[in-house]
Structure formats: C-alpha cells, structure tokens
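K.L.:
This is the structure I want to talk about, given as structure tokens.
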Amino acid sequence: MNNILPVNSTTPEKIVPSFIPYCQHSIEQEEIQEVVLTLKSAWLTSGPKTRSFEKNFADYIGCEHAVAVSSCTAALHLGLSVYGIGAGDEVITTPLTFCATAEVIEYQQAKPVFVDIEPETFNIDPNLIEEKISSRTKAIIPVHYGGIPCDMSAIYDIADKHDLKVIEDAAHALGSIYQNKKIGSFGNPTAFSFYPTKNMTTVEGGVVTTNDAEIAEKLRVLSLHGISKDAWKRYSSEGQWYYEVHHLGYKYNFTDLQAALGIQQLKKLDNFNSIREDYAKVYFDALKDVPELQLPQLYHDYFAGLRKDGFKNSWHLFVVMLAPNRLKIDRAQFIQELKTRGVGTSVHFIPLHVQPYYAKKYSYKEGDFPVAETVFSKIISLPLYPKLTADEIERIISIVKELVEDFHI
Ligand SMILES: Cc1ncc(COP(=O)(O)O)c(C=O)c1O
C-alpha cells in the first residue's frame, strides 16, 4: 500500500525557539521617517541636519563642540592628528581594546605603548602608566571599557604632570557619567561610535567632542580634506567656489542621512541605556552566585551602591567570566555550546599585543600584560540591547545555567 502521508507527519512539530543574536539595533518608524524626509530634501551629505545633530549631541553630553565624522576610528585619528602627534612619538593605551584604538596611532606613524588593566574594571591601570612614560610619550588614550568610566582624575593628574594630551576612546561610553559629568564633557577630544552594535546607531558614524573652539574648527577642517572653513557649504547658495587647502585632511565627514538617524536615536538614548541597566541587573542577580562564573568586581560594587561618586556605566557590555577549573569545557567550547543552544555572544577583546601585527612589530609576547591576558582567557559578552525582551533575557540566563549544570566539574 502506498504511504500517502509524508514520513514525518505523525511526529509532533518541535518548536525551536529562535536564535538570540549577540546584538541588534533599535530602528523604528521615527528614524525611518526622518531618513525618508532627508532623502527627499535638497541635501544628502554633510549639511544642515549634520549641524543640528552636532548641536543636539553637544547639548546631551554637556560639552561646547561636537564634530560628527564617519566613524569613531576617524574621530580618534583626528584627535591625534589635531595635536600633531606623529613619527617617533609614543601614545599610551590599553591592550584590552578594539584594534581601532591602536591603529590610529599607527596611522600617525607613532608607537602604541600598552599598559596593563585593572582587574576590577578592565580599564587601563593608572598606577602602571608612569613607568611607561618616556621622553617620546605625547598622549594617553584611555578606553572606557564596556561603558565603565576610566579613573579619569588619576589619568588627568598623570597627563598634567608629564604634559601629555588625553584623547578618550568613548566608543562604549555613550551616556556614561564620571564625577557627575558625562564622558565627553571634560574638554579633551573624546571619540564616540555609532556603529550598529553601540548604544545608539547611525549605521556607521562617530563624533569627537571638545570644549575648545579652535580645536573643534581644526577637527572640522581635517575631517573634510583640510579645506578652509565651511567646506561643506561650497555647493550651497551661501557657499563660494574658492577654497584653500592648508592641511593634509581626510574624507571623514558625516552625512545628513546619518544625522537623520542620529537625531532620532539620540532622543531615545537615555531610555535605551536604562533598559540596558535593568537587563544588566537581571543578569547580575541571576548569575552572581553561580560558582562556575565570575562577574567583574565593578558590577558587584555598582549594584551594591558602592559607586555613589556620580558614576554611571552605560552598560554597553555585560561580561561574564568562566571561573578557572570549574568546567569541563573551555571558553571557546562554552561559546559554541551557547550558540548551538540559541544564544549569540562575543568576546571583548583579544588583547592587541598578542595580535600578530603588534606582536611582530613590537616583539610583544604572552605574559607581557598578565591581567589583560587572564581577563581575556575567561570573558564572554552576553547579548545586551533594548530590543531584547524580558523573556529572552530569562531564556539566556537559563541556557547559561543549564550549560554550567551540564559541564561543571
Ligand atoms: C573600544 C573601541 N574603540 C573604537 C571603535 C571603533 O569604532 P567605529 O567602528 O565607529 O570606528 C570600537 C568599535 O567597536 C571600539 O569597540
């Protein structure tokens, strides 16, 4: 007899919950509308909307000037460039960062000099900076890891003492607060990122903030080919055909289409950040007592209310660490298991000194930055973004706990 039923027709359908990606942006109708309006307007690239966005961003941060550029990488590069940091100079930074932080130093033919991190915050350890300062040192680039503000007063003291510039990498720190002031408002060039994984997005894009009008103007000029004042206006009715190139500039400008996204996203940033913090607290409460896991000491201090010093994490990342010798599987296997069970994760970051480019060029080797290496060996960043639902956060927590249960020693 012919079996007319498909082979599996009697098997109950297995409902596979959908994969939870590591990151997702939150673009809604308001952003789409603003982009469409901009597309229908007479101006697409850097123009009036970019200027409005810059004004709104500066107001949000509480700084004098915000110069929007094509990425945070560009913002960092301009920060070095505006101070004339170049060949033969040294710039101090952390090894536990994205390659962008150090590559901009290389663009200027200067040398990145790494300083190990604090085990509690994963930020550059100010106590170790001075021993790395030489006569060639010109600047420090602190990176606010995962949105956790660096110990800026210690860093400023060192910078003042040794006459160094400070350029902050605030790619993760949109909305972070240090001593009651937003990161980016302290005056020195501070670079933000609007890459889609960040706390708000303009697809690609960044901003550099400063309180110095002259620096802001230089940043603006450098971001558009080094062309004299108001280069962006040269095709408008107010503009003029004549221009001069006084500096070697870059094509780092931000477009009005990106600004359209930015204007709407910025309005939602505080709400995005408070959802991030709420979810971070749910993760923290659920995972803090699991012996196979460790959470950064800063998270313990933060949620215990011990950071009452006008300090706010933007919760760009939520990082868990695998406790040593507690699991039968290693970190890579743990990540693979999470993926198989439906959770995307990431690792922030592979320390730069072990990356082949830097290891080879500067003869760095394993053991040079023990804290960064130990932290790196244990960390996993869990999904944390406003688009996640409370149910998804609970699902991630139960998958993590289930994994620990299945593989604990
Ligand atoms: C710490 C850090 N700095 C800089 C950047 C570069 O940002 P962008 O992609 O906007 O150039 C990133 C990007 O992920 C980052 O994580």
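What follows is calculated from the coordinates using simple rules that are stated; it is not laboratory data. What you see is a predicted model, and the numbers here were worked out from it, not measured in a lab. Ideal geometry is used to build each Cβ from the backbone, glycine not excepted, and the neighbour counts take in all protein chains shown.
K.L.:
What length, rounded to one decimal in nm, is gained on full extension from D309 through to T389, with 0.36 nm per residue of separation minus their alpha-carbon distance?
P.N.:
Computed gain between D309 and T389 is 25.7 nm.
K.L.:
Can you tell me the FRET efficiency between R234 and Q24 if r is taken as the Cβ-Cβ distance and R0 is 51 Å, rounded to the nearest 0.05?
P.N.:
Numbers: r = 39 Å, r/R0 = 0.76.
Once the sixth-power term is evaluated, E becomes 0.85.
K.L.:
Quick check on the chain: helices-only [θ] at 222 nm, where DSSP H runs of length 4 and up contribute -39,500 (n - 2.57) each and the sum goes over total residues. Nearest 500, please. If you can, show how the numbers build up before the last one.
P.N.:
Working: 12 runs with 151 residues, N = 409.
About -11500 deg cm²/dmol.
K.L.:
Taking loop as defined by DSSP and a crowding limit of 10 other beta carbons within 10 Å, which trypsin sites (Lys or Arg not before Pro) in the stretch 254-308 fit? Mind dumping the intermediate values first?
P.N.:
Numbers: sites: K267, K268, R276, K281, K288, R307, K308; in loops: K288, R307, K308.
Qualifying residues, ordered by number: K308.
K.L.:
Right, something else. Net charge near S18, counting Lys/Arg +1 and Asp/Glu -1 over other residues with Cβ under 11 Å of its Cβ?
P.N.:
That works out to 0.
K.L.:
Let me ask something additional. Let's see if you can work this out: charge +1 on each Lys and Arg Cβ, -1 on each Asp and Glu Cβ, no other charges. What is the dipole magnitude of the chain about its Cα centre, in debye to the nearest 20?
P.N.:
On the way: 40 positive and 51 negative charges, 154 e Å.
Rounded to the nearest 20 debye, it is 740 debye.
K.L.:
From the phi angles alone, apply the Karplus equation (6.51, -1.76, 1.60; θ = phi - 60°) to the stretch 321-336 and give each ³J(HN,Hα) in whole Hz, x where the residue is Gly or Pro.
P.N.:
10, 8, 5, x, 6, 10, 10, 7, 10, 8, 4, 5, 5, 4, 5, 5
K.L.:
Tilt of helix 390-407 relative to the longest C-alpha principal axis of the chain, in degrees (0 to 90, nearest 10)?
P.N.:
Result, in degrees: 60.
K.L.:
Ok, one more. Short version: what are the Cα gyration tensor semi-axes of the stretch 355-396, square root of 5 times each eigenvalue, largest first, in whole Å?
P.N.:
Numbers: eigenvalues 259, 29, 8 Å².
Taking √(5λ) for each Cα gyration eigenvalue gives 36, 12, 6 Å.
K.L.:
Tell me which lysines have Cα within less than 22 Å of K132's Cα, excluding those fewer than 8 residues away on the same chain?
P.N.:
Correct list for K132: K111, K161, K165, K360, K361, K365.
K.L.:
A follow-up question, please. Taking a quarter of the surface of the convex hull around the Cα atoms of the stretch 204-323, what do you get in nm²? Before the final figure, lay out the partial values.
P.N.:
Numbers: hull surface 45.8 nm².
Directional mean of the projected Cα hull area for the stretch 204-323 stands at 11.4 nm².
K.L.:
For the stretch 362-409, which trypsin sites (Lys or Arg not before Pro) pass both filters: DSSP loop (anything but H, G, I, E, B) and at most 11 other C-beta atoms within 10 Å? The partial results should precede the final answer.
P.N.:
Details: sites: K365, K378, K387, R395, K401; in loops: K365, K387.
The qualifying sites are K365.
K.L.:
Then there's this: Over what distance in Å are the Cα centres of the stretch 144-218 and the stretch 264-307 separated?
P.N.:
21
K.L.:
In whole angstrom, how long is each semi-axis of the equivalent ellipsoid of the stretch 269-407, when you take the square root of 5 times every eigenvalue of its Cα gyration tensor and sort them from largest down?
P.N.:
The three semi-axes for the stretch 269-407 are 26, 21, 15 Å.
K.L.:
Taking the C-alpha atoms of the stretch 29-262, how large are the radius of gyration and the largest Cα-Cα span, Dmax, in Å?
P.N.:
17.7, 56
K.L.:
Follow-up question, since we're still on this one. Over all distinct Cα pairs, what is the inverse of the mean 1/r for the stretch 160-265, reported as the Kirkwood hydrodynamic radius in Å?
P.N.:
Numbers: mean 1/r = 0.0645 Å⁻¹.
15.5 Å is the Kirkwood radius here.
K.L.:
PRE reach from F407 (point 7 Å along Cα→Cβ): which of the stretch 361-397 fall under 18 Å by backbone N?
P.N.:
Answer for this model: 375-383, 396-397.
K.L.:
While we're on this one: Kindly work out what percent of the DSSP beta bridges joining two residues of the chain are antiparallel, to the nearest 5.
P.N.:
Working: 24 of 38 bridges.
Looking only at bridges with both residues in the chain, the antiparallel portion is about 65 percent.
K.L.:
I need the Debye-formula profile for the chain: one equal scatterer per C-alpha, no solvent, reported as log10 I(q)/I(0) at q = 0.08, 0.12, 0.14 1/Å, two decimals.
P.N.:
Evaluating at q = 0.08, 0.12, 0.14 Å⁻¹ gives log10 I(q)/I(0) of -0.47, -0.98, -1.27.
K.L.:
I would also like to ask the following. What share of the DSSP beta bridges in the stretch 29-262 is antiparallel, in percent to the nearest 5?
P.N.:
On the way: 15 of 28 bridges.
The antiparallel fraction comes to roughly 55 percent.
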